[in-house]
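The next block holds one structure in the form of structure tokens; read it before the comments.
The values are calculated or read from the model by the stated rules, or taken from the named source; none is laboratory data. None of the values given here were measured: they were computed from a predicted structure. Positions of Cβ are backbone-derived with ideal geometry, glycine not excepted, and every protein chain shown enters the neighbour counts.
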Amino acid sequence: MNRIENKVAIVTGAASGIGRAIAILFAKEGARQVISDVNMEGLAETAALCAAEGGQVKHVHCDVSSTDEVEAMADLCLSSYGTIDILINNPGFNPFAPFIVAQEDEILKALDIGCVGAFRCSKAVLPTMTDKNYGKIVNITSIMSVIAGRGQSSYNASKGALKMLTQGMALDLAPYGINVNAVGPGMIRTGMTRDLFANKEREEWFISKIPMGRLGVPEDIAHAVLFLSTDEAAFVTGTTLFVDGGQIATA
Ligand SMILES: NC(=O)c1ccc[n+]([C@@H]2O[C@H](COP(=O)([O-])OP(=O)(O)OC[C@H]3O[C@@H](n4cnc5c(N)ncnc54)[C@H](O)[C@@H]3O)[C@@H](O)[C@H]2O)c1
């Protein structure tokens with residue numbers, strides 16, 4: 001309990017799935033937060049769940065594709081709590097299209113939400129973090145940053161790019177006391193994967209690829225993100241912590 005007590009965190013894409021689980025765990029662990037998403041209904045539910053855990057939380061609409069909305073989110077955090085210690089860059093976009101029919105607008109959207117969004121949000125919190133020589137940034141990538149999935153070339157490109165953005169940022173920001181890491185989920189049961197696991201036979205096929213013999217749950221990812229957001233991980237930067245039940249160990 002209270003592993004990030006009094007720390008101030010921003011969690012993007014917090015209306016559902018992994019982002020929601022991170023926000024709830026951060027509330028339990030004592031952080032004050034600004035959470036954001038484009039889905040305001042889901043976001044309000046997450047805010048209520050955080051408050052039920054005793055967490056201080058503000059919620060705001062923020063499309064990570066919009067520099068104006070990203071800057072307004074960082075401003076809200078500063079005006080509410082006076083600082084920013086932790087940033088979690090969570091949203092991604094997977095158009096699920098075989099390359100033969102993949103469209104340019106889909107890969108641009110995947111890169112914009114899944115990679116440039118993390119760049120924008122990180123830029124918005126940077127002046128605060130560099131001023132105080134302290135910060136933790138965690139980017140949510142995927143096992144798809146290092147292995148390819150059929151019909152997922154645009155998503156693969158966005159997650160591979162985010163993995164390398166993480167490493168590049170880590171090098172440049174280490175002198176400023178800022179840790180930048182990634183968490184790479186495997187197959188996790190969320191809204192994004194609902195259709196993939198809708199059919200029992202398909203679900204069993206996916207599970208057969210996972211040495212631990214089960215799909216992940218959003219809380220599996222949240223605990224890894226929490227570790228990288230604490231000072232327990234003070235000497236960890238530029239790395240990806242895969243949370244995948246052993247799946248890429250078999251690749
Ligand atoms: N579910 C999995 O198996 C899995 C595996 C690997 C990686 N991931 C990654 O985990 C992250 C979270 O995904 P999830 O599985 O929880 O899916 P999800 O669909 O439950 O949650 C994604 C959230 O991001 C929000 N979002 C979408 N576009 C946005 C934008 N432009 N600006 C702000 N918010 C936006 C959505 O409204 C949603 O609330 C994504 O980056 C995803 O690629 C998921």
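Rundown of residues vs (1) in contact with a strand residue (DSSP E or B) (Cβ under 8 Å, 6 or more places away or on another chain); (2) among the polar types (S, T, N, Q), yes/no style:
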site: Ile35; (1), (2): yes, no
site: Thr46; (1), (2): yes, yes
site: Gln56; (1), (2): yes, yes
site: Glu69; (1), (2): yes, no
site: Met73; (1), (2): yes, no
site: Ile84; (1), (2): yes, no
site: Pro98; (1), (2): no, no
site: Gln103; (1), (2): no, yes
Seminar exercise, completed: Residue pairs within 8 Å by beta carbon, gap of at least six or interchain, first lying in region 125-154 and basic (Lys, Arg), second within 14 Å of the ligand (Cβ to nearest atom), listed first then second, are Lys136/Leu87
For this session: Note down all Cβ pairs under 9 Å where the first residue falls in region 177-201 and is more than 21 Å from Ala15 (Cα to Cα), the second is within 9 Å of the ligand (Cβ to nearest atom), and they're at least six residues apart or on different chains.
Result: Val180/Asn139; Asn181/Asn139
For this session: Could you figure out which of (1) over 20 Å from Leu226 (Cα atoms); (2) touching a Lys or Arg at 6+ places or on another chain (Cβ under 8 Å) isn't true of Gly92?
Result: (1)
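For region 100-154, how many residues meet the condition of being charged (D, E, K, R), under 23 Å from Ala234 (Cα atoms) and either within 14 Å of the ligand (Cβ to nearest atom) or surrounded by fewer than 19 Cβ atoms within 10 Å (Cβ to Cβ) (or both)?
Of the residues in that region, 3 qualify.
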For this session: Among the residues of region 189-217, write down those that are of a type in the set (Gly, Ala, Ser) and either within 23 Å of Ile22 (Cα to Cα) or part of a helix (DSSP H, G or I) (or both).
Result: Gly191, Gly216
For this session: State whether one or more residues within region 34-50 are closer than 23 Å to Ser79 by Cα, more than 16 Å from the ligand (Cβ to nearest atom) and either modelled with pLDDT of 95 or more or not hydrophobic (A, V, I, L, M, F, W, C) (or both).
Result: no
Problem set entry | Selected residue (only one of Phe197, Phe206 is touching an Asp or Glu at 6+ places or on another chain (Cβ under 7 Å), within 26 Å of Pro95 (Cβ to Cβ) and of a type in the set (Phe, Trp, Tyr)) | Phe197
Seminar exercise, completed: Exactly one of Leu226, Leu241, Leu215, Leu196 is over 22 Å from Glu29 (Cα atoms), modelled with pLDDT of 95 or more and not β-branched (Val, Ile, Thr), and that one is Leu215
For this session: Only residues that are crowded, with 17+ Cβ neighbours inside 10 Å and polar (S, T, N, Q): list them for region 192-229, please.
Result: Thr193, Ser229
Problem set entry | Where a residue in region 232-248 is closer than 18 Å to Tyr176 by Cα and its partner, wherever it lies, is aromatic (Phe, Trp, Tyr) and buried (at least 17 other Cβ atoms within 10 Å of the Cβ), with Cβ under 6 Å and at least six apart | none
Exercise. Within region 155-184, which residues are under 24 Å from Ala97 (Cβ atoms) and either surrounded by 23 or more Cβ atoms within 10 Å (Cβ to Cβ) or aliphatic (A, V, I, L, M) (or both)?
Worked result: Tyr155, Ala157, Ser158, Lys159, Ala161, Leu162, Met164, Leu165, Gly184
Exercise. Do we find that Asp220 is under 15 Å from the mean Cα position of the chain (by Cα), more than 10 Å from the ligand (Cβ to nearest atom), assigned to a helix (DSSP H, G or I) and closer than 28 Å to Ile4 by Cβ in this structure?
Worked result: yes
Problem set entry | Selection within region 5-23 - free of Cβ contacts under 8 Å to residues at least 40 places away in the same chain and either more than 12 Å from Pro218 (Cβ to Cβ) or within 8 Å of the ligand (Cβ to nearest atom) (or both) | Glu5, Asn6, Ala15
